[in-house]
Structure formats: structure tokens, C-alpha cells
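Below is one structure, written out as C-alpha cells; the observations come after it.
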Amino acid sequence: MDQSTAENPEEADFLILDANAVKSLIDISQSIDIAERALKKTSNGTAIQDIRRVLEFGETGRCLSIMYANVNDLPAFGAKVLSVYPGNFAHGLPSHRGGILLFERQRGRPVALVDGGEATAWRTAAASAAATRALSRAESSTLALLGYGEQAQRHVEAIASVRPIRTIRVWGRDVEKAELFAKTQRKAGFDAKVCESAGQAVSGMDIVCTVTTAQTPILSGQWLTPGTHVNAVGASVPSCQEIDVECLRRARVWVDYMPMALTAAAELIQAVREGIIQETDICGEIGAVFEKKIPGRQSASEITLYRSLGVPAQDIELANFLYEAAARSGTGVRVKFGG
């Protein structure tokens with residue numbers, strides 16, 4: 001994107017990439033590499049960003065979410081605006097709906113709108129997979145999922161691409177939906193079954209992912225087996241909480257973006273406020289582990305925990321990739337917009 005692009009009417013089109021276009025332009029391996037790059041840039045300062053801004057509505061978890069970033073080595077900066085409606089899953093609808101708006105750097109012209117729900121689904125699971133690759137034991141082959149929605153499916157696909165997953169255990173409040181999810185995993189070749197309790201699901205498992213919209217903890221640190229790696233993913237606003245403070249006592253904890261973690265992760269806020277842990281007890285940002293600036297797992301027996309909240313740099317890194325891939329392939333719809 002340069003000055004000639006901005007001044008050429010034929011190239012001043014505005015690109016729209018819907019969910020199907022996003023799916024056609026990226027694969028799991030690429031998404032994991034993109035997430036890792038974005039998280040490195042979060043930790044080394046290449047990404048200039050703010051914490052998520054949220055306007056919450058009456059129902060817990062329902063909100064308008066705004067995230068924005070300028071990643072200095074990319075041609076476009078931008079913002080993601082989403083409506084988050086956790087109850088949509090019960091109606092067969094996506095919980096995250098909105099878009100990522102990109103602006104070219106030279107003159108600030110808006111150049112693209114990318115489906116935000118699909119992009120969020122890709123980048124969230126990809127970040128967990130990148131963290132799993134860095135923090136879990138290499139031989140990890142068993143995976144527990146607390147939750148059975150879209151992110152659960154994405155996490156199976158992403159994590160199975162970085163670890164030799166053979167066994168899957170699932171827990172959720174709706175047994176029928178959990179069984180349908182397990183059936184899908186069995187068709188994909190996994191040994192998958194539903195457990196009666198969350199504690200039963202995570203006991204003895206190598207990797208645990210929490211991918212729910214729970215308002216109160218569904219994972220107790222007492223249930224975790226030495227050597228387990230946890231990806232705590234689903235609770236992205238302070239009104240939701242998937243893990244208890246015992247998880248923080250027992251595990252070494254990394255986050256994606258420290259300012260976000262200390263303002264949006266309910267269990268971390270509670271634990272620091274009550275003096276259960278100090279901010280300095282958090283090992284640091286996962287991007288610094290990727291860059292080998294801080295250590296990751298240090299023994300086979302320790303419990304590791306990646307607290308994912310999602311950071312704007314992930315969205316902008318991914319949207320730039322999709323925009324450039326679409327330009328090469330002719331994917332998407334172009335319209336006149338903004339001039």
C-alpha cells in the first residue's frame with residue numbers, strides 16, 4: 001500500500017472478506033504462526049495497542065467489544081468491533097459478530113473489512129496452540145475440553161496440529177450437546193468420550209482447555225495433575241470466570257498481554273486483590289517465551305497455565321495477512337468506499 005495505490009481510483013476499492021473468504025485464505029499452520037508473531041510483537045513493543053474496551057449490557061457476558069492496534073512493521077493498522085452474545089450458541093448462532101476495519105498507513109484510507117467472528121475464532125485457537133507448543137510436554141497426547149462450542153472444535157484442530165493428541169475428554173452442562181461434540185471427534189479419529197464432571201474430565205490429562213462463558217469457576221486447581229498444561233480461554237471480561245484461584249496457586253502462569261490480564265482476568269484480579277499472589281508471581285507474557293527472553297516450562301512435573309484474553313495485535317496481524325492473501329488470489333468483494 002503506497003501513495004500511488006491511494007491515488008489510483010482503480011486500486012482505491014474497499015475489500016470485504018466474509019467468513020467463507022477468511023476460511024479459504026488460511027490454514028491452521030499459518031494461523032498459529034501468525035498468532036505467534038503477533039504475540040512476540042506484543043511483548044517486544046512492535047505492536048502499539050490498548051486494552052480491550054467493553055460496553056457491557058444487562059446480561060452477563062453480553063457486550064460491545066472494541067480492540068485496536070498499530071503493528072509498526074505491517075502496512076495497515078486498524079480496529080475490531082464485535083458484539084458478544086454468549087447465549088447465541090443455544091440458538092445455533094455465533095457468539096462473536098462484527099468486523100476488523102483496516103486502514104492503509106500512507107494516507108489513512110480505509111481499505112478492508114474482515115469478518116470479525118471468523119477471524120476471532122481462528123486467532124484464539126491458534127494462540128492456544130502456540131502456547132501449548134511452547135509450554136506443554138512434547139509427548140502430550142490427551143486433551144480435556146471444558147466446553148463443546150465452536151472454540152472447543154477449533155482448539156481440537158489447532159492443538160492436535162502441534163501435539164500428538166489421541167484421547168479427548170469432554171465436559172459441559174448439556175450432556176446431549178457434549179455427546180454430539182464427542183461423536184464428531186470420534187468420527188475424526190480420536191478416542192473421545194463425555195465425562196460426568198469437570199473434575200473427572202481433567203484428571204490425569206496432559207492438556208486442559210477451558211472454552212466456556214462461565215460466570216463462576218468450572219475448573220479447580222485441586223483437580224490438576226502434575227505436568228498438565230492449561231489454556232484458560234473463554235472468560236474475556238471481568239464478569240466471567242472459568243478457573244479458580246487455586247489454579248494460580250498451583251501453576252506457573254503466563255498471559256498474552258499484561259495490561260489486559262490485570263484488568264480483565266477475574267481470577268487474577270481477585271488473587272492479587274486478596275494477596276493470594278503478587279503481580280510478580282505471573283511469569284510474564286507468552287510472546288517473551290516465544291522469543292526466548294524468559295523461560296517456559298522448566299520441569300516435566302510442573303503445571304503450566306496460559307491465560308488467554310486475546311490482544312488487538314493478533315487481530316491486526318491476521319487481518320493484514322488475509323488482506324494481502326486476498327489481493328493475490330482475487331478473493332473477496334470490492335466496493336467503492338471512502339475515497
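The values are calculated or read from the model by the stated rules, or taken from the named source; none is laboratory data. Source: prediction; values computed, not measured. Positions of Cβ are generated from backbone atoms using ideal geometry, with glycine treated the same way; all protein chains shown enter the neighbour counts. Only protein heavy atoms, including side chains, enter the accessible area calculation; ligands, DNA and RNA are left aside. Shrake-Rupley method; radii C 1.70, N 1.55, O 1.52, S 1.80 Å.
Summary of values
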quantity: Cβ charges +1 (Lys, Arg) and -1 (Asp, Glu), total dipole of the chain, debye; calculated: 440 debye
quantity: Contact order relative to length of segment 186-232, as percent, for alpha carbon pairs under 8 angstrom and 6 or more apart; calculated: 42 percent
quantity: Between segment 270-339 and segment 36-73, the Cα center-to-center distance that results, in Å; calculated: 9 Å
quantity: Nearest-ten-degree value, helix 28-44 long axis tilted from longest Cα axis of the chain; calculated: 90 degrees
quantity: Assigned charges on the beta-carbon of Lys, Arg, Asp, Glu; segment 96-191 dipole about Cα centre (debye); calculated: 240 debye
quantity: Candidates 36, 59, 317: whichever shows maximal mean-square fluctuation once the chain is modelled as a Gaussian network with Cα springs under 10 Å; calculated: 59
quantity: Over segment 152-192: Rg over Rh, Cα atoms, Kirkwood Rh; calculated: 0.96
quantity: Sorted peptide list for 289-301, 69-81, criterion being average Cβ within 10 angstrom, highest first; calculated: 69-81, 289-301
quantity: Mean Cα-pair separation over length for segment 63-146, i.e. relative contact order, pairs under 8 Å, 6 or more apart, %; calculated: 20 percent
quantity: Computed over the chain, Kirkwood Rh from alpha-carbon pairs, angstrom; calculated: 20.3 Å
quantity: Solvent-accessible area per residue for segment 1-152 (1.4 angstrom probe, square angstrom); calculated: 41 Å²
quantity: Segment 158-279 - percent relative contact order, Cα under 8 Å, separation 6 or more; calculated: 17 percent
quantity: Amide proton proximity set for residue 205, modelled H, under 5 Å, gap of 5+; calculated: 225
quantity: Nearest 10 degrees, 0 to 90: helix 312-329 Cα axis against the chain principal axis; calculated: 50 degrees
quantity: Rounded if a/c under 1.5, otherwise prolate or oblate - segment 20-97, Cα gyration tensor axes; calculated: oblate
quantity: Surface share of carbon and sulfur [accessible, 1.4 angstrom probe, percent] for the chain; calculated: 51 percent
quantity: 1.4 Å probe accessible area per residue over segment 210-251, in Å²; calculated: 33 Å²
quantity: Prolate/oblate/rounded label for segment 176-248 (Cα gyration tensor, a/c 1.5); calculated: oblate
quantity: In degrees, nearest ten, helix 116-135 long axis to first principal axis of the chain (Cα); calculated: 50 degrees
quantity: Sequence-distant residues sharing a close amide H with residue 303 (under 5 Å, placed H); calculated: 227, 252
quantity: Beta bridges by DSSP in segment 84-210, antiparallel share as percent, to the nearest 5; calculated: 30 percent
quantity: Top of 267, 196, 246 by mean-square fluctuation, Gaussian network on the chain, Cα under 10 Å; calculated: 196
quantity: Per-q log10 I(q)/I(0), segment 78-173, q = 0.18, 0.24, 0.25 Å⁻¹ (Debye; single scatterer per alpha-carbon; no solvent); calculated: -0.89, -1.17, -1.22
quantity: Within the chain, percent of DSSP bridges classed antiparallel, to nearest 5; calculated: 50 percent
quantity: Local net charge near residue 67, Cβ-Cβ under 9 Å (Lys/Arg +1, Asp/Glu -1); calculated: +1
quantity: Proximal lysines relative to residue 293, as straight alpha-carbon distance under 24 Å, when same-chain residues fewer than 8 apart are discounted; calculated: 40, 41
